[in-house]
Amino acid sequence: MKRDIKIDSGVKYMLFASLLFAVMGAFAKLSSEYMSSLEVVFFRNVFGVIIIGFAVLKSPLKSVGGKPFLLFFRGFMGFSALLAFFYNIAHISLGDAMTFSKTSPIFTALFAWAFLSEKLSFKSWLAVFVGFVGIVFIAQPSGFSFSKYDLLGIFSGVGAALAYTSVRELKKYYDTRAIVLSFMSVGTFGPLLLLFISYYTNSLHVSIPELDFMLGEFVMPHGVVWIYLLAMGLLATLAQVFMTKAYGASKAGIIGAVSYANIPFSILIGLFLGDSLPSFLTTMGIILVITAGILVAKEK
């Protein structure tokens with residue numbers, strides 16, 4: 001009986017976390033109307049650095065260390081994936097952007113097989129195949145040509161998967177807070193560096209429209225934008241807290257499956273922001289990606 005209550009509480013935590021992640025995406029989309037996605041990523045991470053920083057000051061890190069390059073790789077890939085994700089949030093529907101990012105468990109299963117020698121069952125390989133079919137349905141490429149948003153969407157999943165895969169190894173050497181801090185630190189200083197590069201290229205009157213997802217002019221937030229940014233940072237932090245509570249209250253496979261609730265939440269919230277309903281093919285693609293993710297989660 002106690003076990004059932006425990007599972008129920010974990011599902012509730014994850015459903016709430018999924019809703020918070022979806023609303024966070026909405027505030028990121030609203031913020032992107034006033035500034036570049038690069039700057040939105042900066043504010044998304046700087047709040048996290050402050051929060052984790054206080055936690056570290058209160059209780060120092062306890063890490064074995066010895067894997068600095070892998071630690072940086074985790075931070076860099078996480079930052080790159082987040083940058084692609086936020087750029088897509090600004091330019092395509094919230095539901096589509098969220099679905100692309102939720103392909104990460106499919107790629108994580110592949111990378112764990114390729115780099116960590118983890119075995120994949122028949123169901124896992126089937127999930128990978130179903131997931132890729134879903135991606136094609138959502139992207140609907142012309143021939144073999146994917147749009148810029150499709151490629152960045154796929155990369156948001158691949159980059160996150162590489163980051164998650166590296167975490168499995170890093171946990172042997174570093175405090176969890178150190179791993180999270182590596183991501184948020186790169187996600188804070190990376191945008192500052194790219195904003196400086198953007199300023200320099202603009203001063204030389206050099207325009208690179210193909211790289212607009214990683215370039216942008218710094219715009220000082222004002223008025224309601226500060227509310228959007230603060231809400232985004234707060235919701236992201238709360239979502240992480242409830243997601244962690246969910247994984248601590250129930251089996252990872254169950255929680256991983258429930259986490260896909262943030263896709264329908266994002267579609268619904270996106271409609272309030274002016275997104276159109278997904279087409280039939282896109283809807284089928286979303287269903288296939290969710291199915292693949294649930295299959296992978298159940299195998300775990």
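The values are calculated or read from the model by the stated rules, or taken from the named source; none is laboratory data. What you are looking at is a predicted structure, and each value in this text was computed from that prediction instead of being measured. Cβ sites come from the backbone with ideal geometry, for glycine too, and all protein chains shown count toward neighbours.
Brief remarks on what is shown
- Being part of a helix (DSSP H, G or I), without any contact (Cβ under 8 Å) to a residue 24 or more places away in the chain, of a type in the set (Ser, Thr, Tyr) and farther than 13 Å from Gly25 by Cα holds for only one residue in Thr291, Thr283, and it is Thr283.
- Any hit, the stretch 235-250, residues being more than 20 Å from Ala84 (Cβ to Cβ), in contact (Cβ under 8 Å) with a residue 60 or more places away in the chain, assigned to a loop (DSSP other than H, G, I, E, B) and not hydrophobic (A, V, I, L, M, F, W, C): yes
Quick grid of which residues meet (1) surrounded by 22 or more Cβ atoms within 10 Å (Cβ to Cβ); (2) at pLDDT 90 or above:
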position	(1), (2)
Leu19	no, yes
Val23	no, yes
Leu38	yes, yes
Phe47	no, no
Phe54	no, no
Leu61	no, no
Gly65	no, no
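- Subset tally (residues that are crowded, with 18+ Cβ neighbours inside 10 Å and not in a helix (DSSP H, G or I)) for the stretch 161-220: 6
- Filter pass, Thr283 being over 19 Å from the mean Cα position of the chain (by Cα) and surrounded by 15 or more Cβ atoms within 10 Å (Cβ to Cβ): yes
- Qualifying residue in the stretch 209-232 (condition: in contact with a Gly (Cβ under 9 Å, 6 or more places away or on another chain) and at pLDDT 90 or above): yes
- Test: residue in the stretch 268-289 that is charged (D, E, K, R) and in contact with a Ser or Thr (Cβ under 7 Å, 6 or more places away or on another chain): yes
- Any chance Glu33 is outside any helix (DSSP H, G or I) and either of a type in the set (Asp, Glu) or touching a His at 6+ places or on another chain (Cβ under 6 Å) (or both): yes
- Residue count for the stretch 52-101 under the criterion of being in contact with a helix residue (DSSP H, G or I) (Cβ under 9 Å, 6 or more places away or on another chain), part of a helix (DSSP H, G or I) and either of a type in the set (D, E, K, R) or free of Cβ contacts under 8 Å to residues at least 60 places away in the same chain (or both): the result is 6.
- Members of the stretch 112-154 that are at positive phi and touching a residue at least 24 places away in the same chain (Cβ under 8 Å): Gln140
- Any hit, the stretch 261-270, residues being at pLDDT 90 or above, among the small types (Gly, Ala, Ser), crowded, with 20+ Cβ neighbours inside 10 Å and part of a helix (DSSP H, G or I): yes
- As a summary of the residue check, Leu116 satisfies the conditions (1) surrounded by 15 or more Cβ atoms within 10 Å (Cβ to Cβ); (2) touching a Lys or Arg at 6+ places or on another chain (Cβ under 7 Å); (3) more than 20 Å from Asn45 (Cα to Cα) except for the one numbered (1).
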